[in-house]
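The values are calculated or read from the model by the stated rules, or taken from the named source; none is laboratory data. Fair warning: this is a prediction, and the values are worked out from it, not measured in the lab. Don't worry about glycine lacking a Cβ; one is built from the backbone with ideal geometry, like all the others, and counts go over all protein chains shown. All accessible areas refer to the heavy atoms of the entire protein, side chains included, with ligands and DNA or RNA removed. Shrake-Rupley method; radii C 1.70, N 1.55, O 1.52, S 1.80 Å.
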Amino acid sequence: MTFSVDEQFALQLDTEDPLRVFRNKFHLPLGKDGEPLIYFAGNSLGLMPKSARAIVAEELDNWAKLGVDAHHATGTPWYTYHEAVREPTARLVGAKPLEVICMNSLTVNLHLMMATFYRPTKSRFKILMEEPAFPSDTYAIKTQIAHHGLDPNDALTLARPRKNEFTIRAEDIIDLIEKEADQLALVMLAGVNFFTGQLFDIEKITAAARKRDIVVGFDLAHAIGNVPLSLHDWNVDFAVWCSYKYLNAGPGAVGGAFVHERHATNTKLPRLAGWFGNDPNTRFRLHLEPEFIPVASADGWQISNPPIFSMAPLRASLAIFDDAGGMEPLRAKSVRLTGYLEFLLAEIGSKKFTVITPRNPGARGCQLSILAHEHPKELLKELEACGVKCDFREPNVIRVAPTPLYNTFHEVWRFARILTEHR
C-alpha cells in the first residue's frame, strides 16, 4: 500500500485495524509520565497477557487446596498439563500435534535434539550454522561437537554474509550445502536471525539438505509467533524454540520442540531419556519396569514432568493467538506495521543509521535492526528517555520490533518522529 508521513494516516490505519482490540489484552509498561511506553522489545520479552494472572493464580490455588492431588484434579490436571498447549502450539508451527512437545528451555531442547540427530561418522561430521548465530546455539553446538571427540575448528562450517553485506543470501547457503554435502551431518540455522532480523527460507534450505540426506534443524526463538511456519509440510527434521519472546509466556517460560512425524514415531531412535518420555502405561510402575519405552510421538523426548508455573502463562498467550485467527492475519498486520516503519525511516533519510534487515517483507519478520553509525548507545538512551523500549546488540545495532498483537501504527509514527527530532 502507499504510506504517508502524516500523523492522521497512522491514526487512520489504527482505526481500520481489525486486530486493534488485542492490545487491550496485554499489560502495557508505563513510562515516568504515566503513559504506556512504545514497547518495541517483544523480540526480547513479550508483554504479559492480562489473562495470565488468573491462570497462574488458579494453579497456585490448586497447589494450596489440593496438594499432590492436583496432578489428577479436574480442570487442567498437572500430570497432563503439557497436553493443554500441544494443539495451539502445533497450529503456530504448522505441525501435527504428535510432533510437538512443550518442555524445558530452548538450549536444553537443542541438546536433546542433537543427542538424537547429530550422529557424526568418519566421513560426515560437520555442522552448518549461520554467522552470527545466537551465542547459546553456538555454545551448545560446539560442545556437542567436542562431546563426540571432534574439533569445532574442523567440524563447524559457517554461512556468512558477503563482503559489505549484512545478511546471508539464500543461494549462498544452498551452495554451501552442495559444496559440503559429503561431509555435512547437520544443518542447524535460526528461522529468523536474532541480530539482523533476517527470515531464512526454511522450506528451500530444508529441501536442499534433505536432497543430500542431511539432517535439518532450526532454532525458532525469533520465528514462532512472528512468522507463519509449516514445519511438517516443509519436511524439517526438528526444531526448538522459547516462548518468552513473541509467545508472551513470561521470563524463563517453558520452551518447545518439534520432531517430524517420521522421527517422532520411531521409538528406536537414540535419545537422552527421562521418565516423562516413557510410555504412560508403565510410567508409574517405576522400578518394576526399568526399561525405557519411549512414547511414539515428540513426547518421547520429554525428560521431566511439566513445569506448571512456567507453562500456565503460555496457555493465556496461545488462547490470544487463536482468538486472533492464528498467524495469517497477524502476519498481514505485521508486514504492514514493519513496512510502515521502514517507510518512515527511509523518509528520515539520516546518514547516522542504516537498516540492515532485508527490505523484502518475505525475508524478515517484524524486527528491523538499525545500525547506528555514530554514538549508538547514546542514541538508545535518547530513545529510552522519550519513552521507547527497544534493545541494543553490540557493537552498534538497535533492534526495533513492532509486534502486531499489541503495537500500533501510531506508535511507529511516534518512534520515527523521535528519531527525526534526535538525529
Could you tell me whether any residue of segment 170-189 is of a type outside the set (Ser, Thr, Tyr), under 28 Å from residue 244 (Cα atoms) and touching a His at 6+ places or on another chain (Cβ under 6 Å)?
no
Can you tell me how many residues within segment 343-372 are loosely packed, with under 13 Cβ neighbours inside 10 Å and basic (Lys, Arg)?
2
For segment 161-175, check the following and say yes or no: at least one residue is part of a helix (DSSP H, G or I) and over 25 Å from the mean Cα position of the chain (by Cα).
yes
Segment 395-412, subset among the aliphatic types (A, V, I, L, M) and not in a helix (DSSP H, G or I), residue farthest from residue 317 (Cα to Cα)
397
Please go through segment 7-41 and give me each residue that is assigned to a loop (DSSP other than H, G, I, E, B), out of contact with any Pro (no Cβ under 8 Å at 6 or more places or on another chain) and either open to solvent by 80 Å² or more (accessible area, probe 1.4 Å) or touching a residue at least 40 places away in the same chain (Cβ under 8 Å) (or both), ordered by number.
17, 31, 32, 33, 35
Residues of segment 262-308 that turn out to be in contact (Cβ under 8 Å) with a residue 12 or more places away in the chain, part of a helix (DSSP H, G or I), under 24 Å from the mean Cα position of the chain (by Cα) and surrounded by fewer than 16 Cβ atoms within 10 Å (Cβ to Cβ), as a count:
0
Going through 415, 392 one at a time, which residue ends up being touching a Pro at 6+ places or on another chain (Cβ under 9 Å), outside any helix (DSSP H, G or I) and at negative phi?
392
Going through segment 96-142 in order, the residues found to be under 12 Å from residue 258 (Cα atoms) and over 15 Å from the mean Cα position of the chain (by Cα) are 96, 97, 98, 99, 112, 113
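A quick yes/no check of all residues on (1) in a strand (DSSP E or B); (2) among the hydroxyl-bearing types (Ser, Thr, Tyr); (3) in contact (Cβ under 8 Å) with a residue 12 or more places away in the chain; (4) over 27 Å from residue 400 (Cβ atoms):
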position	(1), (2), (3), (4)
204	no, no, yes, yes
207	no, no, yes, yes
218	yes, no, yes, no
222	no, no, yes, no
Being crowded, with 18+ Cβ neighbours inside 10 Å and without any contact (Cβ under 8 Å) to a residue 24 or more places away in the chain is the filter; apply it to segment 78-137 and report the residue that is nearest to residue 300 (Cα to Cα).
86
If residue 180 satisfies every condition in (1) touching a Ser or Thr at 6+ places or on another chain (Cβ under 7 Å); (2) closer than 24 Å to residue 88 by Cα; (3) of a type in the set (D, E, K, R) but one, which is the exception?
(2)
Those residues of segment 143-156 that are surrounded by fewer than 19 Cβ atoms within 10 Å (Cβ to Cβ) and of a type in the set (Gly, Ala, Ser) come to a total of 2
Got at least one residue in segment 56-71 being open to solvent by 20 Å² or more (accessible area, probe 1.4 Å), β-branched (Val, Ile, Thr), more than 27 Å from residue 231 (Cα to Cα) and at pLDDT 95 or above?
yes
Hey, could you check segment 373-396 for residues that are among the charged types (D, E, K, R) and open to solvent by 90 Å² or more (accessible area, probe 1.4 Å) and say which is farthest from the chain's Cα centre (by Cα)?
374
Quick test for you: out of 181, 209, 185, 140, pick the one residue that is aliphatic (A, V, I, L, M), touching a strand residue (DSSP E or B) at 6+ places or on another chain (Cβ under 7 Å) and open to solvent by less than 10 Å² (accessible area, probe 1.4 Å).
209
Looking only at segment 128-150, which residues are farther than 16 Å from residue 176 by Cβ, part of a loop (DSSP other than H, G, I, E, B) and aliphatic (A, V, I, L, M)?
150
For segment 33-58, how many residues meet the condition of being more than 26 Å from the chain's Cα centre (by Cα) and either acidic (Asp, Glu) or closer than 30 Å to residue 346 by Cα (or both)?
3
